[in-house]
Amino acid sequence: MNKFDFIIIGGGSAGCVLADKLSACGQYQVCLLEAGPKDKHWSIHLPLGVIELMKSKNLNWQFNSAPESSQQNRQIFNPRGKTLGGSSSINAMLYTRGQKQDYDLWAQLGNKGWSYADVLPYFKATQHQERGEDDYHGVHGPLNVADSRSKPDIHNDFIQSAHEAGFPLSDDFNGENQEGIGYYQVTQKNGHRCSAAKAFLTPNLARRNLTVITNALVQKLIIEDKQVTGVCYKNKSQCHYLFANKEVILSAGAFNSPQILMLSGIGPAATLAEFDIDLVHELKGVGENLQDHVDILTVMRHQKTELLAYRPKAMWWFCKEAFKYLSQKTGMLTSVVAESGGFIKSHPSLSTPDLQLHFIPAAMDDHGRNTKMLFNYGIALHACLLRPKSRGRVSLYGKSPSLHPKIELKMLSHPDDMKTMVKAVKICRNILAQQPLCESNGQEIFPGHSCQSDQHIEQFLQEKANTIYHPVGTCKMGNDELAVVDSNLKVHGLKALRVVDASIMPTLISGNTNAPTIMIAAKIAEQILQEHTP
């Protein structure tokens, strides 16, 4: 069978939701293509397996940026999920939505139907909030949202220290007001990861009208007279062709969706000409407008031993925590590593938070891949910039689909971003210097005692800043010259093609992007069904 009503490219957070919603009525044949394998590996389903997933070459694309001129020509690591569930199968499982103002801005930019009032019903409809239903939370959706089952005392120490530093407390970052410090809620169920695949796809695999093909690397879209009619993909070195009666939906993410468009001849004419790709349809904005949350770590040695470390007392504590998991499905094996954190203002005059914090009970460096750091008892505090002004782009290294996309983040290239991140480092240092954390703190590892002036902190940021894995914007929604899709996420100038993933966000939301991506897919799935169902 090579004909379907809908073909979805990408089995990540958006693709899994679309596969569920479009096949639920039983009226349409739906095919989901995923470049990676099935989501069977233990590290996906055991929450603390997120540490292993950072290093996995089979389940993680492990993209690296091109050398970044604003980052001393470093290549910045960009992990992305390469399995059913996509990045929701390898992420830290934090459930945040961003701020009301984020979505109202989308609407103000001319994207009708995307205000906070418009999108809130889809956030509620897709989640099952274990705390119960209220004005901001639903209980009938497939995505389970729970309180963390791992809350080591060190997280309470951080929350109290942040409060001592003058920041308010919060028990719900997705309610009326985002601001505050506290525990994140997580996409887990009974101590296991609740990925988009686990929530929306796995329960529905028996549907006769739903076909899921894994290890399928898309080569290009098939286009005839400005209409997308199908997809060419490769599996085990053999090319296959699928055709869509109604639509092809591109849900491959902020890096891969623009890459697939360009490989298909859709994008900036100059870029395609550089790689001898025939221009089928010019869209200048494909790959432009890349945004991500720039992030920095402040790391301290710490005298407490109930931490993630390769040290005898820590290992003994971890063994006891492992027993909790086996007997009660609680403890550190259910940890997302970053249980606590919050949303704060870099200056009291701001109307909404502009920084997000993630607290880590470990001496962390290089995305957790620097295991030598774990021979220290330590703690780390992430600070990321919620609404960066810097803009990057995604382009190509060549015309082969097996090549990684060329990613240019251009982090901290805007001077305002640098100024705010200097403030962020100072704020993190101040929090870590408060009671009770300071009672057990040792020497500062990063930035280090010698890094005190703004100039030295700027240099530190150029040497050590990274992303927090929330790329968006490369197929942005809108009507200006760089817009790729309209408010219904249809690609401008082409028929039967939509892009439905985080790449359509015109501006980056103020928080983790998994829940908003799921919301986007649920909203557009309803729109698709309305258009095609008599």
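The values are calculated or read from the model by the stated rules, or taken from the named source; none is laboratory data. Here the structure is a predicted model, which is why all the values come from computation and not from measurement. For neighbour counting, all protein chains shown are included, and Cβ atoms are generated from backbone atoms with ideal geometry for every residue, glycine included. Accessible surface areas use protein heavy atoms only, side chains included; no ligands, DNA or RNA. Shrake-Rupley method; radii C 1.70, N 1.55, O 1.52, S 1.80 Å.
Taken together, the residues in the range 441-493 that are outside any loop (DSSP other than H, G, I, E, B), open to solvent by 20 Å² or more (accessible area, probe 1.4 Å) and not basic (K, R) amount to 14.
In the range 403-414, is there at least one residue being under 24 Å from the mean Cα position of the chain (by Cα), more than 30 Å from T271 (Cα to Cα) and at pLDDT 95 or above? No, that holds for no residue.
Within the range 114-122, is there a residue that is open to solvent by 30 Å² or more (accessible area, probe 1.4 Å), out of contact with any Ser or Thr (no Cβ under 8 Å at 6 or more places or on another chain) and acidic (D, E)? The answer is yes; a qualifying residue exists. Please verify whether V299 is assigned to a loop (DSSP other than H, G, I, E, B), in contact (Cβ under 8 Å) with a residue 12 or more places away in the chain and either open to solvent by less than 30 Å² (accessible area, probe 1.4 Å) or under 20 Å from I181 (Cα atoms) (or both), treating the condition exactly as stated. Here the answer is no, as V299 does not meet what is asked. Within the range 333-345, identify whether any single residue is over 23 Å from the mean Cα position of the chain (by Cα), outside any helix (DSSP H, G or I) and modelled with pLDDT under 95, and answer yes or no. Looking through the range 333-345, none of the residues is over 23 Å from the mean Cα position of the chain (by Cα), outside any helix (DSSP H, G or I) and modelled with pLDDT under 95. Being hydroxyl-bearing (S, T, Y), under 20 Å from I518 (Cα atoms) and part of a loop (DSSP other than H, G, I, E, B) is the filter here; which residues of the range 120-163 pass it? Scanning the range 120-163 gives a single hit, Y136. Is it fair to say H358 is buried (at least 16 other Cβ atoms within 10 Å of the Cβ) and either in a strand (DSSP E or B) or free of Cβ contacts under 8 Å to residues at least 12 places away in the same chain (or both)? Yes.
For the criterion of being under 18 Å from the mean Cα position of the chain (by Cα) and farther than 15 Å from L48 by Cα, L350 fails. All but one of (1) part of a loop (DSSP other than H, G, I, E, B); (2) open to solvent by less than 20 Å² (accessible area, probe 1.4 Å); (3) under 23 Å from G191 (Cα atoms) hold for G49; state the number of the condition that does not hold. In the conditions (1) part of a loop (DSSP other than H, G, I, E, B); (2) open to solvent by less than 20 Å² (accessible area, probe 1.4 Å); (3) under 23 Å from G191 (Cα atoms), G49 misses (1) alone. Filtered by the rule that a residue be in a helix (DSSP H, G or I) and open to solvent by 10 Å² or more (accessible area, probe 1.4 Å), the range 1-23 gives S13, D20, K21.
Being of a type in the set (S, T, Y), over 22 Å from S395 (Cα atoms) and not in a loop (DSSP other than H, G, I, E, B): is that true of S56 here? Criteria not met by S56.
Restricted to strands (runs of 3 or more DSSP E) entirely inside the range 192-290, those with at least 1 residues that are more than 18 Å from G12 (Cβ to Cβ), in contact with a Leu (Cβ under 7 Å, 6 or more places away or on another chain) and of a type in the set (G, A, S) are 227-235. Residue count for the range 425-479 satisfying the condition of being more than 28 Å from the chain's Cα centre (by Cα) and hydroxyl-bearing (S, T, Y): 3.
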